[in-house]
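Okay, so here's the structure we're looking at.
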Amino acid sequence: MKRLAILDDYLHLSLKSADWSVLQDRCRIDVIDRKLEVPDEAARVLAPYHILCHLRERTPMPRALLERLPKLEFMTVTGKAHRTLDLEAAVERGIVVSHVSSAVEGSNATPELAWGLILATARHIAREDRHMREGGWQHTAGMLLDGKTLGLLGLGRVGQRMAAIGRAFGMRVIAWSPNLTSDAAAAFHVERVDKDSLFRQADVLSIHVVLSERSRHLVGAQELGWMKPEAILINTARGAIVDEAALVEALVHGRLGGAGLDVFEHEPLPAGHPFTTLENVVLTPHLGYVTRDTLAGFYRATVQGVAAYLDGRPIGVRPAQGSSIAQ
């Protein structure tokens, strides 16, 4: 019987969200509910498994780990991309990697959370909640969004949804990314501006570009220095797009009004990180796509992918753009 591990199910939702019984006579199924340190701890824990089921990019799969998993023969990966999986190393070792898509994969989960962070940061909701629980009352005055400028760093699927909601709030919407054209922006009723204008003009700047070597630390000390001192920064994309040290510096010294952050360079966020001590920061633990609906879709697709593999149905291996994912 094959041994199968469901990775990074922090919320214990995998077995509740899909019907894994179709695999029970063919696989021994284990749930791993914590982050494994790569490569040593992960190699030790995962060595007995033939099948690994990933949830987005939570556990990296570099060559240094794959080479220490002698029994591994098949992996499923969810999401549009998996940039922490070394597909070349997997193929060399004869490991089949399958992307399993979900009907709700293209949902609005991430933009909905981004707007939650915008509202929480602009109106100091988390801070006021904490003070009320301590017996306080009205410590801050927030920012009205109507009439302000929403700056979008990236105008892909998530950015487009952000733009539509921003207009519903009565905001002017501007955007920039390296490949964005004025015509493409206009198609979504967005004004394309230069990079420095994006940062200088935005009252709310929300990040929606893909992490790559080109976008790593795209938002650094210079870009943060361009921003208005009362502006807020929202990041639901990837932590490494922002230079965290520069962001902490700007927040501490009042050069930025606040930040709403769902993603971090190191996840989980280390205990005692400066972000956790700042009153003008709202934090969520990478919840962008984490809804019951999205996870159920991922896990149902995963069961189908594993069943297809065990049935011997052909499963191709195809890298996705900018990643090491298979289809």
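The values are calculated or read from the model by the stated rules, or taken from the named source; none is laboratory data. Not measured: the values here are computed from a predicted model. When we count neighbours, we look across all protein chains shown, and the Cβ atoms used for this are built from the backbone with ideal geometry, even at glycine.
Based on what the data block shows, is residue 75 surrounded by 15 or more Cβ atoms within 10 Å (Cβ to Cβ) and out of contact with any Gly (no Cβ under 7 Å at 6 or more places or on another chain)?
Numbers: surrounded by 15 or more Cβ atoms within 10 Å (Cβ to Cβ): yes; out of contact with any Gly (no Cβ under 7 Å at 6 or more places or on another chain): yes.
When the stated conditions are applied, residue 75 passes them.
Among residues belonging to the stretch 79-88 that are modelled with pLDDT of 90 or more and not in a strand (DSSP E or B), point out the one that is farthest from residue 5 (Cα to Cα). Give the derivation first.
Here is the first cut: in the stretch 79-88, the ones modelled with pLDDT of 90 or more are 85-88.
With the extra rule that they be not in a strand (DSSP E or B), the set shrinks to 86-88.
Values: 86: 19, 87: 19, 88: 22 Å.
Looking at residues that are modelled with pLDDT of 90 or more and not in a strand (DSSP E or B), I get 88.
Kindly evaluate residue 157 against the criterion of being among the charged types (D, E, K, R) and closer than 19 Å to residue 263 by Cβ.
Details: among the charged types (D, E, K, R): yes; closer than 19 Å to residue 263 by Cβ: yes.
Against the criterion (among the charged types (D, E, K, R) and closer than 19 Å to residue 263 by Cβ), residue 157 qualifies.
Can you tell me which residue is nearest to the chain's Cα centre (by Cα) among those in the stretch 81-100 that are closer than 22 Å to residue 267 by Cα and among the charged types (D, E, K, R)?
83
Within the stretch 97-109, can one find any residue that is at pLDDT 95 or above and over 15 Å from residue 300 (Cβ atoms)?
Checked the stretch 97-109: no residue is at pLDDT 95 or above and over 15 Å from residue 300 (Cβ atoms).
Looking at the stretch 162-176, can you tell me whether even one residue there is touching a residue at least 12 places away in the same chain (Cβ under 8 Å) and farther than 21 Å from residue 110 by Cβ? Give the derivation first.
Step one: of the stretch 162-176, the residues touching a residue at least 12 places away in the same chain (Cβ under 8 Å) are 162-167, 169-176.
Now drop any that are not farther than 21 Å from residue 110 by Cβ, which leaves 170, 172.
Yes, the stretch 162-176 contains a residue that is touching a residue at least 12 places away in the same chain (Cβ under 8 Å) and farther than 21 Å from residue 110 by Cβ.
Right, residue 214: in contact (Cβ under 8 Å) with a residue 12 or more places away in the chain, surrounded by fewer than 16 Cβ atoms within 10 Å (Cβ to Cβ) and under 19 Å from the mean Cα position of the chain (by Cα) or not? First the steps, then the outcome.
On the way: in contact (Cβ under 8 Å) with a residue 12 or more places away in the chain: yes; surrounded by fewer than 16 Cβ atoms within 10 Å (Cβ to Cβ): yes; under 19 Å from the mean Cα position of the chain (by Cα): yes.
Taking the combined requirement at face value, the residue satisfies it.
Give the number of residues within the stretch 178-211 that are surrounded by 15 or more Cβ atoms within 10 Å (Cβ to Cβ) and part of a loop (DSSP other than H, G, I, E, B).
10
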